[in-house]
Amino acid sequence: MNGYERRTQQKRKAIIQAAQELFIKRGITGVTVNEIAVRAGVSQVTVFKYFGDKMTLAREAMMERFNESMAAADELLEQNIPFSEKIQWIIDKNKQSIDIVGESFLHSIDDPPMKQIINEFLTVRAVPWYEKLIKEGKKEGAIDESIPTEAIMAYIFALLPVLSSPEHIKKGREYYTGLMKLFFNGLISK
């Protein structure tokens, strides 16, 4: 990689990181391209040159962030540990995520462009992941095999708005952890 390519890659990375930080704090509509450019140490023209428009940048920045999270989840599925430990990992990871993004992310969840990106992520990455997790849970006997996977997925997606609702997250970590345990323990057979 020559010097020009290296600088280009560094600028793209700086723009994406700046966009992620700002979008998580204030949502996509609450952030201007100028603010992203200033935070990344580049001009607005550079942002437009690399991404074309703010929505393209938002999609790429947030999908990268979400995919980083999914990489750890993918590794979890590959581990040879009991299903119950995998569920505990998911609960713990959700607690950590809330602690990391905190109150600032709550504002961005209601942002329509952010909702669109989150829904795209759920459809493309999360649904297949949960289907693998369910299959594994059934194989291990931790999830009742008589429950169709489609029904479990409907259950998950019916509860996602509750689990991601700012009013529920704001009630605190213990409350949210309780919701997560209730959510998953409803799937686990005794």
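Since every read-out is calculated from the coordinates, none of them should be taken as a lab result. As the structure is a computational prediction, the values presented were derived from the model and not from experiment. Here Cβ is always computed from backbone atoms with ideal geometry, including for glycine, and neighbour counts include all displayed protein chains.
Details
- Here the Karplus curve 6.51 cos²θ - 1.76 cosθ + 1.60, taken at θ = phi - 60°, turns the phi angles of segment 61-74 into couplings of 5, 6, 5, 4, 4, 5, 5, 4, 5, 5, 4, 5, 5, 4 Hz, with x standing for Gly and Pro.
- A cut-off under 12 angstrom between Cβ atoms defines the neighbours of D53, and their net charge, with Lys, Arg +1 and Asp, Glu -1, is +2.
- Residue exposure sequence - F51, F184 - by fewest surrounding Cβ within 10 Å: F184, F51
- Amide proton proximity set for I143, modelled H, under 5 Å, gap of 5+: K138, S189
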